Amino acid sequence: MIRDALIAAPAAIKKTKLNRKNPRRRSRELVLQGLYQWRLAQGATEVIEEQLCETSEFAKTDKEYFSVLLRGVLANSIALETQIQLFLDRPLRELSPVEFAILLLGTHELTSRPEIPHQVIINEAIELAKTFGGPDGHKYVNGVLDKLAEHLRIKNSAAIII
């Protein structure tokens, strides 16, 4: 009986760790839902934000970070799409709505949140893709954001030298 409990313990611990999401990850998940909705229905930012704020998950988010992300991505979507397209092997419109939204979110964070290490941003995007995307979507998201991060680091390094 004790042996069975010891065998089951690692699985229970692992499950508990997986269920503990920090408020920023929850914010990213809600932003992803909003971007997905925006991609399919082209709703107004304020309406999408209001709907997401009414969900039960919203109470567990970093509310300020959620708003900054959602508004930032939607306000800069054209510029973000242009940056992403440089690193895609197909037109942006051919991406699944989930991958599209994750790439928009990741690109926005890479360009607007220099205080967050790029590895953290990419890892968060990969986790979103694993949770909400297709079977290999996380690999594609990883490849695109990794190339974009490298490009941005080179660009930022050149700006500092000049």
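The values are calculated or read from the model by the stated rules, or taken from the named source; none is laboratory data. Because the structure is a prediction, the values reported are computed rather than measured. Neighbour counts are summed over all protein chains in view; Cβ atoms, including those assigned to glycine, are modelled from backbone coordinates with ideal geometry.
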Long-range neighbours under 6 Å by Cβ, at least six apart or interchain, first residue within 9 Å of residue 30 (Cβ to Cβ) within the range 48-63, second surrounded by 14 or more Cβ atoms within 10 Å (Cβ to Cβ) and of a type in the set (Gly, Ala, Ser): 52/34; 61/27
Go through the range 13-32 and give me each residue that's part of a helix (DSSP H, G or I), surrounded by fewer than 18 Cβ atoms within 10 Å (Cβ to Cβ) and at pLDDT 50 or above. 19, 23, 24, 25
Of the residues in the range 93-145, those that are acidic (Asp, Glu) and either in contact with a helix residue (DSSP H, G or I) (Cβ under 6 Å, 6 or more places away or on another chain) or modelled with pLDDT of 95 or more (or both) come to 99, 109, 124, 127
Considering only the range 45-81, how many residues are surrounded by 15 or more Cβ atoms within 10 Å (Cβ to Cβ), assigned to a loop (DSSP other than H, G, I, E, B) and not hydroxyl-bearing (Ser, Thr, Tyr)? 2
Which of the residues spanning the range 82-105 are farther than 23 Å from residue 51 by Cβ and in a helix (DSSP H, G or I)? 82, 83, 84, 85, 92, 93, 94
Conditions (1) surrounded by fewer than 13 Cβ atoms within 10 Å (Cβ to Cβ); (2) free of Cβ contacts under 8 Å to residues at least 24 places away in the same chain -> residue 142 fails only (1)
Under 9 Å by Cβ, and 6 or more places apart or on different chains, what pairs join a residue from the range 77-94 that is in contact (Cβ under 8 Å) with a residue 40 or more places away in the chain with one that is surrounded by 12 or more Cβ atoms within 10 Å (Cβ to Cβ) and of a type in the set (S, T, N, Q)? 83/107; 83/111; 84/107
How many residues are exposed (fewer than 14 other Cβ atoms within 10 Å of the Cβ) and assigned to a loop (DSSP other than H, G, I, E, B) when one looks only at the range 106-138? 7
